[in-house]
Amino acid sequence: MRQPVNSNSITKGSAPPHVKSVLFKILTYLCTFLTVLSLASIVAYIFANGIPNFFFRDENNALRFKSSLFAIKYTTDNVSMFHAIINTLYMTFLSLLISVPLGVFGGIYLAEYAPANSKLVKVVRITSETLAGLPSIIYGLFGMLFFVNALGWSFSLLAGAFTLAIMVLPVILRQTEESLLSVPRSYREGSLALGAGKLRTTMRIVLPVAMPGILAGVLLSIGRIVGETAALIYTSGIVAKTCLSPMESGRTLAVHLYQLQQEGLHLGEAFAVAVVLLIVVIIMNSISSKVAQKFSAKD
């Protein structure tokens, strides 16, 4: 039978449990609303100030698209961003090509092969968490001293890509490890019981299940790579040209935006670059999300 509620069990002055639940729910909704409102305000501000700069009025007062913003050749008059778009995609590809294999396989080792109480594992975790919190300017100075000067790569996309790879590596490493550890132990035990080896169990059973979480870490890394400025100024340089080789110096969209804003002569075009940068990030994140959803659907 249902026991009667003892009135003495509720301390004097404390709110009933259902009141606390309602207050917590209201607080949660309020925080969510403020977060969405802040994000929407930033996006709306960028689009409101950037989209008008994609158009101009000719001598007949007709509204026309300013195609010079996407001219193949950059000049100080058109301040084209075409080269920056290509360099951004190039930089993102090189950085992920370096950081993703190292981060994923490092996370696999920490989660699947390394002893649970190993000192090495603890050192790697502390180190990766520390590196994830370092300001990007420190990575830029390190990249300039090591890749640009010590290795003699000069200002180049390759120096910038290795610097950004080191920057996002802790995020991918820790996200991969946590995603693998979240896979139920019964998956491993069932596969081993059927005669599969450790490697086959990890690659064919555990890794596909953890793939959505791993791709989430890659998605965060893409956002940081595309939006990075300080580290690239010291490593890849600010040359306004399309790079055909990774050893050439060039600026990305974020650096291009910074340079236009710093010069103060093309603030309108700087907002236009911000719109394109935002669209590029959204497209890359959407592609990564679709890939993650496909892996989740397979599971």
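The values are calculated or read from the model by the stated rules, or taken from the named source; none is laboratory data. All values reported here derive from a predicted model rather than from experimental measurement. For neighbour counting, all protein chains shown are included, and Cβ atoms are generated from backbone atoms with ideal geometry for every residue, glycine included. Just the protein is used for accessible areas: all its heavy atoms, side chains included, with ligands, DNA and RNA removed. Shrake-Rupley method; radii C 1.70, N 1.55, O 1.52, S 1.80 Å.
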The residue from Arg174, Arg204 that alone is without any contact (Cβ under 8 Å) to a residue 60 or more places away in the chain and part of a helix (DSSP H, G or I) is Arg204
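Restricted to segment 172-201, and to residues that are of a type in the set (Val, Ile, Thr) and surrounded by fewer than 21 Cβ atoms within 10 Å (Cβ to Cβ), which residue is nearest to the chain's Cα centre (by Cα)? Talk me through it step by step, then tell me what you get.
First, the residues of segment 172-201 that are of a type in the set (Val, Ile, Thr): 172, 176, 183, 201.
From the residues that got through so far, the ones that are surrounded by fewer than 21 Cβ atoms within 10 Å (Cβ to Cβ) too are 183, 201.
Numbers: Val183: 23, Thr201: 29 Å.
Only one residue fits best here, namely Val183.
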Note on segment 238-291: residues of a type in the set (D, E, K, R), closer than 24 Å to Leu220 by Cβ and without any contact (Cβ under 8 Å) to a residue 40 or more places away in the chain are Lys290
Thr130: passes all of (1) part of a loop (DSSP other than H, G, I, E, B); (2) open to solvent by 70 Å² or more (accessible area, probe 1.4 Å); (3) of a type outside the set (D, E, K, R) but (1)
query: Do we find a residue being at pLDDT 90 or above, among the polar types (S, T, N, Q) and under 20 Å from Gly103 (Cβ atoms) anywhere in segment 148-171?
result: yes
Flagged in segment 234-273 as open to solvent by 50 Å² or more (accessible area, probe 1.4 Å) and farther than 17 Å from Lys66 by Cβ, in numbering order, are Tyr234, Ile238, Val239, Lys241, Leu244, Met247, Glu248, Tyr258, Gln261, Gln262, Glu263
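Yes or no: Ala231 part of a helix (DSSP H, G or I), among the small types (Gly, Ala, Ser) and closer than 28 Å to Leu151 by Cβ?
Numbers: part of a helix (DSSP H, G or I): yes; among the small types (Gly, Ala, Ser): yes; closer than 28 Å to Leu151 by Cβ: yes.
So Ala231 fits the description; yes.
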Per the list (1) open to solvent by 70 Å² or more (accessible area, probe 1.4 Å); (2) within 26 Å of the chain's Cα centre (by Cα); (3) more than 27 Å from Pro246 (Cα to Cα), residue check on Thr28 breaks on (1)
Query raised in the report: What do you reckon, is Phe33 free of Cβ contacts under 8 Å to residues at least 40 places away in the same chain, over 20 Å from Gly268 (Cα atoms) and among the aromatic types (Phe, Trp, Tyr)?
Result: yes
For segment 207-231, pairs from a residue that is within 23 Å of Leu180 (Cβ to Cβ) to a residue that is assigned to a helix (DSSP H, G or I) and among the basic types (Lys, Arg), with Cβ under 8 Å and 6 or more apart or across chains, are Pro208/Lys298; Gly217/Arg174
Scanning segment 243-269 residue by residue, those part of a helix (DSSP H, G or I) and under 23 Å from Gly140 (Cα atoms) turn out to be Leu253, Ala254, Val255, His256, Leu257, Tyr258, Gln259, Leu260, Gln261, Gln262, Glu263
